[in-house]
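Q: What follows is a single structure, and I will ask about it in a moment.
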Amino acid sequence: MISQESARAKSAAVARRRAKLVGMPRHAGRYGAWHLFVLPALSDNYMYALRHAETGAVVLVDPGEMAPVVNWLGMQQCCLHTILLTHHHQDHIGAAAGLRDVYGCRILGSAQDRMRLPPLDYEAEVGECFFIEGERIAMLGVPGHTLGHVAYHLPDAGLLFSGDTLFSLGCGRLFEGTPEMMLESLEMLAALPDETMLCCGHEYTLANARFALAHDPENAALRARYEEAVALRARGLPTLPVPLHIEKAANPFLRTMGDVTRFAKLRALKDAFS
Ligand code: ZN
Ligand code: FE
């Protein structure tokens, strides 16, 4: 049996650990061979830049806006190597062709969506693995938000770029796919290792948290994630990336795994939530 005193000491230690976590910006960091940078774009999009620690080569995910990328590259000793695209929506591809014109980088996207992406220099097939600067990158097919949506997983660096499929505490709207498709896509992402850092396409965490808390008010992991997000946003910092194990415990859409009826109902409620 735990004495009251040791229980108190334990909860104080937990609170200290949490305070430390809340105070720790996760917006940039080293992941394997790469430094990760989160670049805000448009009203609430995130672009992600990976700069190779040795070669300086930059991989950029979903450039929706040109100026922040040009400014950031201007401050770095590096060159834009490859642009990765998750899906065809303008807020994710808008600056891709313009950046290629300026920097001569290549654009990589899904062969399946080639007709509605900017002209691709390299088309990868869903399920294919390719290498950039020796880094293995898997293109995962995650239809639902759009039919051709893909995610990029870097298993050795422990990074996942999920575009508009999986958000922190939420998931993308079903513009083209069915609930079955989206749930299967989310299940595939949730099956990745717990320590994987999730990098998603929008800063929707607080709005998602308000919906999630209305439906799952007793979830301690959700409350903790909400408090962390409030603290980060108060300091003007992104709430991403976030470890997948936190999302698995806190994201209501990841807690409907295996139950498509529940998932579809939750997605419909979220669409109607203001
Ligand atoms: Zn989208
Ligand atoms: Fe988007």
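FYI, it's all coordinate maths here, none of it is from the lab. Please read these numbers as outputs of a predicted model, since none were measured by experiment. Here the Cβ is made from the backbone with ideal geometry for all residues, glycine too, and neighbour counts use every protein chain on show.
Q: Taking the number of other C-beta atoms within 10 Å as the exposure measure, put PHE167, PHE131 in order starting with the fewest.
A: Listed from fewest to most nearby Cβ atoms, that is PHE131, PHE167.
Q: So how strong a dipole does the range 138-274 carry about its Cα centre when Lys and Arg Cβ are +1 and Asp and Glu Cβ are -1, to the nearest 20 debye?
A: For the range 138-274, the charge dipole is close to 440 debye.
Q: Per-residue counts of other Cβ atoms within 10 Å, averaged by peptide: what ranking do you get for 64-70, 250-256, 160-166, highest first?
A: 160-166, 250-256, 64-70
Q: Placing +1 at every Lys and Arg Cβ and -1 at every Asp and Glu Cβ, with all other atoms neutral, what dipole size does the chain have around its Cα centre, in debye to the nearest 20?
A: 1180 debye
Q: If you don't mind, another one. So what J values fall out for the range 43-57 if you push phi through Karplus, 6.51 cos²θ - 1.76 cosθ + 1.60 with θ = phi - 60°, rounded to Hz, Gly and Pro as x?
A: Working through the residues one at a time gives 7, 8, 7, 10, 9, 10, 10, 10, 10, 5, 5, 9, 8, x, 5 Hz.
Q: Right, something else. If amide hydrogens are placed 1.01 Å from N in the peptide plane, which non-local residues have theirs closer than 5 Å to the one on GLY158?
A: none
Q: Here's another thing I want to ask about it. So for the chain, averaging the separation of alpha carbon pairs under 8 Å that are six or more residues apart and normalising by length, what relative contact order in percent results?
A: 14 percent
Q: Applying a 10 Å radius around every beta-carbon, put 178-184, 214-220 in order of their mean neighbour count, most first.
A: Peptide ranking by packing, descending: 178-184, 214-220.
Q: Also, quick follow-up: Tabulate in residue order the Karplus-calculated ³J(HN,Hα) for the range 216-225, using 6.51 cos²θ - 1.76 cosθ + 1.60 with θ = phi - 60°, rounded to whole Hz; enter x for Gly and Pro.
A: Running phi through 6.51 cos²θ - 1.76 cosθ + 1.60 with θ = phi - 60° gives 9, x, 8, 6, 5, 5, 5, 4, 5, 5 Hz.
Q: Share of antiparallel DSSP beta bridges in the range 4-272, in percent to the nearest 5?
A: Of those bridges, close to 70 percent are antiparallel.
Q: Sticking with this structure for a sec: Provide the per-residue ³J(HN,Hα) series for the range 156-172, in order, calculated from phi with Karplus coefficients 6.51, -1.76, 1.60 and θ = phi - 60°, each as a whole number of Hz, with x at glycine and proline positions.
A: Listing the rounded values in order: 7, 7, x, 10, 9, 9, 9, x, 9, 8, 10, 10, 5, 6, x, 8, x Hz.
Q: Using modelled amide H (1.01 Å from N, peptide plane; none on Pro or chain starts), what sits under 5 Å from the amide H of VAL126, excluding residues fewer than 5 places away?
A: ALA111, GLN112
Q: So what's the chain giving for Cα Rg divided by 2.2 N^0.38 Å, two decimals?
A: 1.02
Q: In what sequence do GLU176, GLU203 fall when counting other Cβ within 10 Å, fewest first?
A: By the 10 Å Cβ count, ascending: GLU176, GLU203.
Q: Once you have the Cα-Cα distance between VAL70 and GLU54, take 0.36 nm times their residue separation minus that, and quote the gain in nm to one decimal.
A: Computed gain between VAL70 and GLU54 is 3.6 nm.
Q: Could I ask something else about it? Order these by the 10 Å Cβ neighbour count, fewest first: SER43, SER110.
A: SER43, SER110
Q: Quick one: angle between helix 4-22 and the longest Cα principal axis of the chain, in degrees between 0 and 90, rounded to 10, please.
A: Taking the Cα atoms of the chain, the angle to 4-22 is about 20 degrees.
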